[in-house]
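Reviewing the structure listed below.
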């Protein structure tokens, strides 16, 4: 990590390497402005409020569904999911296991609790 600061500059920046992004992505190596504590706390509070997920409950899958896009979740009849509201009419966000998450049609599942 390399911290840049100029004597008369009011803004400081930190150069960060983010290896989660490919080398050709600008976010791999970017300049991010440092924030003062108050700005950071305000943004953190706003983010945590908007990140709250409205979990509806557990659901059983009624019919097989094959995902047609990368944001959808393929499921089989009898699978158990944890579902939450998606914000898109007619769809739930389904979570199957620890790492399988995606949209499933609301009519393909039945809430059990």
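Some observations on this one:
- Contour excess over end-to-end distance, with Cα ends at residue 58 and residue 110 and 0.36 nm allotted per residue: 17.9 nm
- Extension gain from residue 98 to residue 68, taking 0.36 nm per residue of separation minus the Cα-Cα distance: 8.7 nm
- Debye equation applied to the C-alpha atoms of the range 55-111, log10 I(q)/I(0) at 0.15, 0.22, 0.27, 0.29 Å⁻¹: -0.32, -0.72, -1.15, -1.34
No lab work stands behind these numbers, since they all come straight from the coordinates. All values reported here derive from a predicted model rather than from experimental measurement.
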